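What follows is a single structure, written as structure tokens, with notes after it.
The values are calculated or read from the model by the stated rules, or taken from the named source; none is laboratory data. Worth saying up front: this structure is predicted, and the values here are computed from it rather than measured. Cβ coordinates were reconstructed from backbone atoms using ideal geometry, including for glycine residues, and neighbour counts include every protein chain displayed.
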Amino acid sequence: MTAFPKGESGKAFPTIGYAGWSMMEASDNKDLAWKLIATLEGPEGNVAWNKMTGALPALRSAEHDPFYASEAFKGWFEALADPNVVPTIMPTHLEEFAYFKDALVVSSGQKALLGDITPQELADEWAAYLTKAQQKFLAQ
């Protein structure tokens, strides 16, 4: 991983994703399901699971695991230690997010890369779309 570029403010806002675990109310095996969830979220289980899947663990303590102490992951842990790098979670709670990430970001992002729209126009378009979606979410 390379360092995230910082803007004029001296800050970077890399997006992060995460896995979520759930148990169905109608599950016949709630005790086993909870045991699995607790294991996957615990320090040993989370690190082990992520080693197998290639994802980054949710725990900063993973930095001390020999697997994650390698050069391949060094940049990520350096970024997490930098107070000017603010991990940002995408607004996946919004019903409109799928269209935003799969269509709007692609089309307007391409326009910005080609110079057909300015960075400010890009930001304004995305802000208007997500603000409207967030307002709808809050009104429900």
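Would you mention how many residues in segment 82-129 are among the aliphatic types (A, V, I, L, M), within 18 Å of the chain's Cα centre (by Cα), closer than 26 Å to Gly10 by Cα and outside any helix (DSSP H, G or I)? Matching residues across segment 82-129 total 4. Is it the case that some residue within segment 20-29 is in contact (Cβ under 8 Å) with a residue 12 or more places away in the chain, outside the structural domain of Gln134 (by TED's automatic domain parsing) and charged (D, E, K, R)? No, there is no match, as no residue in segment 20-29 is in contact (Cβ under 8 Å) with a residue 12 or more places away in the chain, outside the structural domain of Gln134 (by TED's automatic domain parsing) and charged (D, E, K, R). Number of residues in segment 80-97 that are surrounded by fewer than 13 Cβ atoms within 10 Å (Cβ to Cβ) and farther than 27 Å from Leu130 by Cα: the value is 1. Of the candidates Trp34, Trp49, the single residue that is over 24 Å from Ala79 (Cβ atoms), at pLDDT 85 or above, surrounded by 13 or more Cβ atoms within 10 Å (Cβ to Cβ) and not aliphatic (A, V, I, L, M) is Trp34.
Suppose we filter segment 108-134 for residues that are surrounded by 10 or more Cβ atoms within 10 Å (Cβ to Cβ) and either within 13 Å of Glu96 (Cβ to Cβ) or of a type outside the set (A, V, I, L, M) (or both); how many remain? Walk me through it before giving the result.
Of segment 108-134, the ones surrounded by 10 or more Cβ atoms within 10 Å (Cβ to Cβ) are 108-113, 116-118, 121-134.
Now narrow it down to the ones that are either within 13 Å of Glu96 (Cβ to Cβ) or of a type outside the set (A, V, I, L, M) (or both): 108-111, 116, 118, 121, 124-126, 128-134.
The total comes to 17.
When the residues of segment 55-79 are filtered to those that are part of a loop (DSSP other than H, G, I, E, B) and free of Cβ contacts under 8 Å to residues at least 12 places away in the same chain, the one that is surrounded by the fewest Cβ atoms within 10 Å (Cβ to Cβ) is Pro66.
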